[in-house]
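J.: Got a structure here, written out as structure tokens. Questions coming.
Coordinate-derived values only; no laboratory data. On a predicted model such as this, the values are computed, not experimentally measured, just so you know. Here the Cβ is made from the backbone with ideal geometry for all residues, glycine too, and neighbour counts use every protein chain on show.
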Amino acid sequence: MAFSFFSRALLLASALPHANLVGAQTLTQNGELIPADEKTLAPAFQVLADPTSVLSEAERFQLTDAVLANLTELELSNVSLFNFASSDEVVASKRSLFKQCKTSPGDLLWPSKTIWKVFNILTGGALIETVPIGAVCYKNNAHYDAAKCADILTHWTESATHAGDPTSVMSPLYQGETCMPQSGNTSTCELGGFPSYSVKATAVSQIQLAVNFARNLNLRLVVHNTGHDFLGKSTGAGALSIWTHNLKSINFIKSYSSPSYNGPAFKLGAGIQVLDLYEAAKKYGVTAVGGECKGVGVTGGYIAGGGHSPISSKYGMGADQVLSIDVVTPSGRFVTADENNNKDLFWAIRGGGGGTFGVVTSMTVKVHPKMNFSGVTFTILSGNDTNVPDDIFWAAMEVYWRKFPSYASQGTYAYSTIFPRGADGGYMWSMLPWLVPEMNLVDFKAMITPLFDEWTALGLQFEPEFFEHDNFYDTWTSHFPVETVANINLRTASRLFPIKNWENEATLNKTISTIRSVIEEGSAFIQYNINGAAPAGTPDNAVNPAWRDATLYGIFGGGWAADASLEDMAFANNRITNDWGARFREITPGSGGYLNEGDVMEPNFGQAFFGSNYDRLVRIKKATDPWNVFWAPTAVGSEDWYITGQEDWLTLQTGHSVNRTQATAMKFTIGAALAFLVTSTAASPSPFGGKPKYHKGVPYAEGSKFMLDGKPFLFAGSNAYWLPFINNPSDVRNALTQAKHAGLKVMRTWAFNDKNETYIPGGLPMYGGEGAGESPIYFQSFKDGVATINYGPDGLQALDKVVKIAEETGIKLVMALTNNWADYGGMDVYTVNLGGKYHDDFFHSPKIVNAFKKYAAAVVSRYKDSPAIFAWELANEPRCGADGTRNLPRSAGTNCSHVIVTDWIADMGKFIKGIDKKHMVTWGGEGEFYEEGNEDWAYAGADGGHFYNELALEEMDFGTFHLYPDWWDKTVEWANKWVTDHGKAQVKLNKPVLFEEYGWLHPDDRLAFVNRTVPANQTRVAVIGEWQKISLEYKMSDAFWQLGVCGLSTGCNHNDGFTIYFNNTEESRPLIFQHVKEVAKVNARL
């Protein structure tokens, strides 16, 4: 949408501190204003004295306050862009409108070429404008070079090809597979998910300048060493990247002393790779703990993620070796973290993940004595074309798996891969290798001989190749495989299997059968018999506790065809996360995965990758980086960020970075609401040049409109809460078919029914069905405080039928997940079973909230790929209070307010969007406004409503309101204003509002139900017709309460006093059939 004049004024006023970002950059010399260029401006660094040789050469060159003071004295334009952070800046960052999304190319605050030029000068010419590695293969651009192209294509799958480039990544999938060298003759070279610029870091001062520059302009900042990353952490569209690959110093320290260690050590620059480390270890006659792949950077993501090693079963994880860390923090300051200094940072970086707490420039790590390594390699093939039948293969695998704890206790590192061989069947198992540090070959053979004897007795034929070396370097170079990289149609995940799974026979059997079933279904399985326990005396760190008692670490996953359809890709990716991954999570509760080789879509990554350390890591992250300078997928705090334009089954780094919490935290006065429009519009995909991305057949919100397949979707709908409970698919199909023929597009129904088995007759709350009566169908039951989800035929399978029939008839469903009222269970079922006392405990009791999240996750994940879903609705009419007769009481005083309810809405919305990124979410409220001083309960927020705040939440895609003047004791005039006021809210916040429920009683029912009368001319047709007319004037979609259908196996559905039946043409003709036509006319003009 176009910005209003006032909105533009707000935006520009917010940008005034950096108003000279597009003009010429100058400085003052001898009182004269002159251009800032290479002739007048020097690189910004100070060379520090280092008499004790603590610093590496790169670390002697630092940005200091004195250097910045000199630039300030010279009146360099925009020198503030390079300043260190201050406490004042923290406060300002929290209220900045621009913190909702990272500044991207084309944004108002994106630096001009002249600013980038000054930045380049200050870094000493270290700035590189990104040219994708594959650009040399594109004849249609200036970088074409046939010889270089041929060389890149020849070595494309080798890690060194990518490690030597400032922005190339070894998993092109995450940068969007743009500018691939293989496509040079058939497409154009685009940046895609590559950073816009990178800084070739050879000095700490350059890193400090980059961090300050990114923080002060709110640029996306990524840290990149070799690109050996399989989750998209080291790239990002529109980012500034710090390339640490050239910090290649390595210093051997014969005697290093710390509170926990005395002995030899290496000080490693940030660019040191595993190959460099192992070569140095051989040179100095020591053994170093590092990774398996030679292209991995040691002090970056490897150690920060924990770092498993061929020597881990003896000396622990890579992070357990760290003695000291030199790092540029998000404030821009260069500090050392060790056991005595910056202790929280020291704890967090060792296992708390890369790209999170700062830019590591070097680490000092333990090294160990030179030692002997003995081991074995072999390959076993099964299948019809071999002498190993599959049943013998699996029998041999099971014998091997059962011995894992025994082998791990002896320091084993057994690294092997299992691959299905294809359509003809069979498997290939390669041991690559199995070794034990500090064990001679005689003892190694003695250890494995019982296993080999059992295999022989099974009839397994194999040819082991034994080896022995007196150092690790020769072992590594002789027996480990060379890595293949740059796959574009493959994704993996990981899981740590704890030793306790081996302590119970039933659990072990299930573990083995689960692993086997996943492999049989097509997954590769890379397995490590390894234990990552920390050696005695190791200072505590943030390594995932799941490593400490693991005996098996497994990587699993699969791929898809190069020409796979979007549907096939979705299936493959969903299977990895939500099928195979779910099965492994089920058999290893409380365990986790390995951060560096994990699933980027891991449902609860905080627990999976950091375990019980996560809460402390979040606190340290907030204290160290309150500006959100650093974030990366699955990193600590990354749940607060998302990338625009992504599929719900895989997040790439091709969109814009948006912060979820900043928008939620804003206070929505009218002025701030307008400012919110500015920032939210800037964060949406369309202003950056592309059409908003949508899923075929799935409605979405765009501005104030609902959309479907790129076209406006203004609709008339209804409510049929009873669809899942009639337990007759023919009746469901009949009802939805009649609705479709009438022109109704959307039905709202209940995706809940909670059976309380601990109910005491005559006690509160009084649960039961609505007018339709009790149903044998229920989706969840509570007994003695334990919730059990019913997946059976009388449970969610009944809901499955409704969704399937909706798909077949083309009807969209709004699925409500719980009820404010006692009908069909609802909130109070959770509350009374889980220790609550008041109705509003549902919104803030952690135990209750988590129980509801568990149920919501079960339902949402079940249907998140269905095109029948219009939206998820958190609850039917959530309020602080409920029915004074059948429900629990509301807490006294102001314990429940719009703040509590709005926070719950935001939290639940974020939770559901974390599961289903495809469908919309709304809260299901009645539309209560919050106006201070207004005595009308519906406008005073008396029951916890604040419509403007709720509608403005980023987690909510649209708003809802209901209208029942009979129940609310309101007049027709009041009701008309109610509809109008919600229409105005839709216009003001530019977000859809659905007139979700409305009803008007007949005179007899009114007298019977509420003992009231109204003028005779206020008929249902006249009153509701006026509401529909007002709703259409504001272009709001609507859904009357409730759908009336006859011709069912039981006759007609229940009449609760508001039902409008199709066969009652006096009402249905104007209020349904004619109204549908009017809605279609308006929609055609949108």
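J.: Counting only Cα, what are the radius of gyration and maximum Cα-Cα distance Dmax of the chain, in Å?
T.: Taking only Cα atoms of the chain, I get Rg and Dmax of 32.0, 102 Å.
J.: A further question follows. Ranked by Cβ crowding within 10 angstrom, fewest neighbours first, how are Cys1052, Cys293, Cys137 ordered? Don't skip to the answer; put the middle values down first.
T.: Values: Cys1052 14, Cys293 19, Cys137 25.
Going from least to most buried by this count: Cys1052, Cys293, Cys137.
J.: While we're here: Among all the lysines, which ones have a C-alpha under 26 Å from Lys510's C-alpha, if same-chain residues fewer than 8 places away are not counted?
T.: Lys403, Lys500, Lys854
J.: Now, a different point. Based only on other Cβ atoms within 10 Å, what is the fewest-to-most ordering of Arg350, Arg548, Arg585? Could you put the intermediate results ahead of the total?
T.: Values: Arg350 26, Arg548 17, Arg585 20.
In increasing order of surrounding Cβ atoms, one gets Arg548, Arg585, Arg350.
J.: Would you list Ser260, Ser234, Ser430 from fewest to most Cβ contacts within 10 Å?
T.: Values: Ser260 11, Ser234 32, Ser430 17.
Listing Ser260, Ser234, Ser430 from fewest to most nearby Cβ atoms yields Ser260, Ser430, Ser234.
J.: Excluding same-chain residues fewer than 8 positions from Lys148, which lysines have a Cα within less than 22 Å of its Cα?
T.: Within the straight-line cut-off, Lys148 pairs with Lys139, Lys200.
J.: Would you mind listing how long segment 377-621 runs along its three principal axes, going by Cα atoms, in whole Å with the largest first?
T.: 52, 52, 39
J.: Kindly write out, for segment 190-195 in residue order, the coupling ³J(HN,Hα) from the Karplus curve 6.51 cos²θ - 1.76 cosθ + 1.60 (θ = phi - 60°), rounded to whole Hz, with x marking Gly and Pro.
T.: With the stated coefficients, segment 190-195 comes to 10, 5, x, x, 6, x Hz.
J.: Can you find, among Ile620, Gly557, Gly383, the residue farthest towards the positive end of the dipole of segment 377-621? Put +1 on the C-beta of Lys and Arg, -1 on that of Asp and Glu.
T.: Ile620
J.: Can I ask one more? GluC sites (Glu not before Pro), restricted to segment 457-511: which are DSSP loop and have at most 11 other Cβ atoms within 10 Å?
T.: For GluC sites (Glu not before Pro) across segment 457-511 that sit outside H, G, I, E and B with at most 11 neighbouring Cβ atoms in 10 Å, the list reads Glu503.
J.: Can you give the calculated 222 nm mean residue ellipticity of the chain, where each DSSP H run of n ≥ 4 adds -39,500 (n - 2.57) and the sum is split over every residue, rounded to the nearest 500 deg cm²/dmol?
T.: Numbers: 33 runs with 338 residues, N = 1086.
Calculated from helices alone, the mean residue ellipticity at 222 nm is -9000 deg cm²/dmol.
J.: Follow-up. Pick out, from Gln1018, Gly999, Met815, the residue whose Cα sits farthest towards the positive end of the charge dipole of segment 700-1085, with +1 on the Cβ of Lys and Arg and -1 on the Cβ of Asp and Glu.
T.: Towards the positive end, the residue furthest out is Met815.
J.: What's the magnitude of the charge dipole for segment 908-960 around its Cα centre, counting Lys and Arg as +1 and Asp and Glu as -1 at the beta-carbon? Answer in Debye, nearest 20.
T.: Numbers: 4 positive and 12 negative charges, 116 e Å.
Dipole size: approximately 560 debye.
J.: Given an 8 Å cut-off on Cα distances and at least 6 residues of separation, report the relative contact order of the chain as a percent.
T.: Details: 2291 pairs, mean separation 92.5, N = 1086.
This gives 9 percent for the chain.
J.: Mind listing the long-range amide H neighbours of Asn246? Cut-off is under 5 Å, sequence gap 5 or more, other chains count too, H placed in the peptide plane at 1.01 Å from N.
T.: Distant-sequence amide H within range of Asn246: Ala201.
J.: Decide, for segment 510-646, between rounded, prolate and oblate: order the square roots of the alpha carbon gyration tensor eigenvalues as a ≥ b ≥ c, take rounded if a/c falls under 1.5, and otherwise choose prolate if a/b is larger than b/c, else oblate. Can you show the working numbers first?
T.: On the way: a/c = 2.58, a/b = 1.21, b/c = 2.13.
Because a/c hits 1.5 or more and a/b fails to exceed b/c, segment 510-646 counts as oblate.
J.: Treat every Asp and Glu Cβ in the chain as -1 and every Lys and Arg Cβ as +1, leave all other atoms uncharged, and give the resulting dipole magnitude about the Cα centre to the nearest 20 debye.
T.: Numbers: 87 positive and 112 negative charges, 285 e Å.
With Lys and Arg at +1 and Asp and Glu at -1, about 1360 debye.
J.: Also, quick follow-up: Per residue of segment 802-819, what does 6.51 cos²θ - 1.76 cosθ + 1.60 with θ = phi - 60° give for ³J(HN,Hα)? Whole Hz please, x for Gly and Pro, Karplus curve as stated.
T.: Along segment 802-819, the couplings run 5, 5, 4, 5, 5, 4, 6, 8, x, 8, 9, 10, 8, 10, 7, 9, 6, 10 Hz.
J.: Suppose each label sits 7 Å from its Cα in the direction of the beta carbon; what would the Phe1073-Lys343 distance come out to in nanometres?
T.: Label at Phe1073, label at Lys343, 8.0 nm between them.
J.: OK, next. Quote the relative contact order of segment 700-1085 in percent (integer), defining contacts as alpha-carbon pairs under 8 Å separated by 6+ residues. Don't skip to the answer; put the middle values down first.
T.: On the way: 760 pairs, mean separation 69.1, N = 386.
Relative contact order comes out at 18 percent.
J.: Another question, then. Can you list the residues, at least 5 places off or on another chain, whose amide H is less than 5 Å from the amide H of Phe706, using H built in the peptide plane?
T.: Phe713
J.: Ok, one more. Classify segment 700-1085 from the C-alpha gyration tensor, please: rounded if a/c falls under 1.5, else prolate or oblate depending on whether a/b exceeds b/c. Numbers along the way, then the final one.
T.: Working: a/c = 1.27, a/b = 1.15, b/c = 1.10.
Rounded, because the longest to shortest axis ratio a/c is under 1.5.
J.: Still on this model: Net charge near Leu48, counting Lys/Arg +1 and Asp/Glu -1 over other residues with Cβ under 14 Å of its Cβ? Can you show the working numbers first?
T.: Working: positive: Arg60, Arg333; negative: Asp50, Glu57, Glu59, Asp65, Asp326.
So the surrounding residues net to -3.
J.: Starting from the 7 Å offset along Cα-to-Cβ, what nm value, one decimal, do you get for the label separation of Ala457 and Glu483?
T.: Reported label-point gap for Ala457 and Glu483 is 4.1 nm.
J.: Under the 0.36 nm per residue contour assumption, what length would be gained going from the current alpha-carbon distance of Lys837 and Glu935 to full extension?
T.: Details: separation 98, 0.36 × 98 = 35.28 nm, distance 2.84 nm.
Once the chain is fully extended between Lys837 and Glu935, it gains 32.4 nm.
J.: Kindly work out what percent of the DSSP beta bridges joining two residues of segment 170-244 are antiparallel, to the nearest 5. If you can, show how the numbers build up before the last one.
T.: Numbers: 0 of 8 bridges.
Rounded to the nearest five, the antiparallel share is 0 percent.
J.: For the chain, with the dipole built from +1 on Lys and Arg beta-carbon atoms and -1 on Asp and Glu ones, taken about the Cα centre, which of Gly306, Ala739, Val1082 lies farthest toward the positive end?
T.: Selected residue: Val1082.
J.: Then there's this: For segment 467-473, what does the Karplus curve 6.51 cos²θ - 1.76 cosθ + 1.60, with θ = phi - 60°, yield as ³J(HN,Hα) per residue in whole Hz, taken in order and with x for Gly and Pro?
T.: Going residue by residue, I get 8, 8, 9, 9, 7, 7, 4 Hz, with x marking Gly and Pro.
J.: Assuming a viscosity of 0.890 mPa s and a temperature of 25 °C, what translational diffusion coefficient in µm² per second does Stokes-Einstein assign to segment 138-273, Rh being the Kirkwood radius over Cα pairs? Intermediate values should be presented prior to the final figure.
T.: Working: Rh = 16.9 Å.
For the chosen part, D equals 146 µm²/s.
J.: Another one. From the square roots a ≥ b ≥ c of the eigenvalues of the alpha-carbon gyration tensor of segment 381-517, which class results: rounded (a/c under 1.5), prolate (a/b over b/c), or oblate?
T.: Numbers: a/c = 1.29, a/b = 1.13, b/c = 1.14.
In terms of gyration-tensor shape, rounded.
J.: Taking the Cα centre as origin and putting +1 on Lys and Arg beta-carbons and -1 on Asp and Glu beta-carbons, what dipole magnitude results for segment 250-369, to the nearest 20 debye?
T.: Numbers: 10 positive and 8 negative charges, 45 e Å.
The calculated dipole for segment 250-369 is roughly 220 debye.
J.: For the pair Tyr284/Arg1085, report the inter-label distance in nm, with labels modelled 7 Å from Cα in the Cβ direction.
T.: Between Tyr284 and Arg1085, the label points sit 7.9 nm apart.
J.: Further, regarding this structure: Angle check, please: helix 898-915 long axis (alpha carbons) against the longest principal axis of the chain (alpha carbons), in degrees 0 to 90, nearest 10.
T.: 60 degrees
J.: Follow-up question, since we're still on this one. I need the calculated FRET efficiency for the pair Gln46 and Lys917, taking r as the beta carbon distance and R₀ as 45 Å, to the nearest 0.05.
T.: On the way: r = 47 Å, r/R0 = 1.05.
Given R0 = 45 Å and the Cβ-Cβ separation, E is 0.40.
J.: Determine, from the Cβ-Cβ distance of His155 and Ala423 and an R0 of 22 Å, the FRET efficiency 1/(1 + (r/R0)^6), rounded to the nearest 0.05.
T.: Values: r = 31 Å, r/R0 = 1.42.
My answer for the efficiency is 0.10.
J.: Scan segment 610-663 for chymotrypsin sites (Phe, Trp or Tyr not before Pro) in coil per DSSP, keeping those whose Cβ has at most 11 other Cβ atoms within 10 Å, and list them by number. The partial results should precede the final answer.
T.: Details: sites: Phe610, Tyr614, Trp627, Phe630, Trp631, Trp641, Tyr642, Trp649; in loops: Trp627, Trp631, Trp649.
Counting only loop positions with at most 11 other Cβ atoms within 10 Å, none of the chymotrypsin sites (Phe, Trp or Tyr not before Pro) in segment 610-663 qualifies.
J.: Would you grab the residues whose amide H sits under 5 Å from the one on Thr64? Only those 5+ places off in sequence or on another chain, please, with H modelled 1.01 Å from N.
T.: Gln46
J.: In 5 Å bins starting at 0, how do the alpha-carbon pair distances of segment 249-329 split up by percent?
T.: All Cα pairs considered, the percentages come to 3, 15, 27, 29, 20, 5, 1.
J.: Just subtract the alpha-carbon distance of Leu1007 and Thr188 from 0.36 nm times their residue separation and send over the number in nm, one decimal. Numbers along the way, then the final one.
T.: Numbers: separation 819, 0.36 × 819 = 294.84 nm, distance 7.25 nm.
Extra length from Leu1007 to Thr188 when fully extended: 287.6 nm.
J.: If you don't mind, there's one more thing I want to ask. May I ask which of Lys711/Lys913; Lys248/Lys917; Lys910/Lys1029; Lys918/Lys970; Lys918/Lys988 have a Cα-Cα span longer than 30 Å here? Walk me through the numbers before you get to the answer.
T.: Values: Lys711/Lys913 23 Å; Lys248/Lys917 42 Å; Lys910/Lys1029 34 Å; Lys918/Lys970 39 Å; Lys918/Lys988 26 Å.
In this structure, Lys248/Lys917; Lys910/Lys1029; Lys918/Lys970 lie more than 30 Å apart at Cα.
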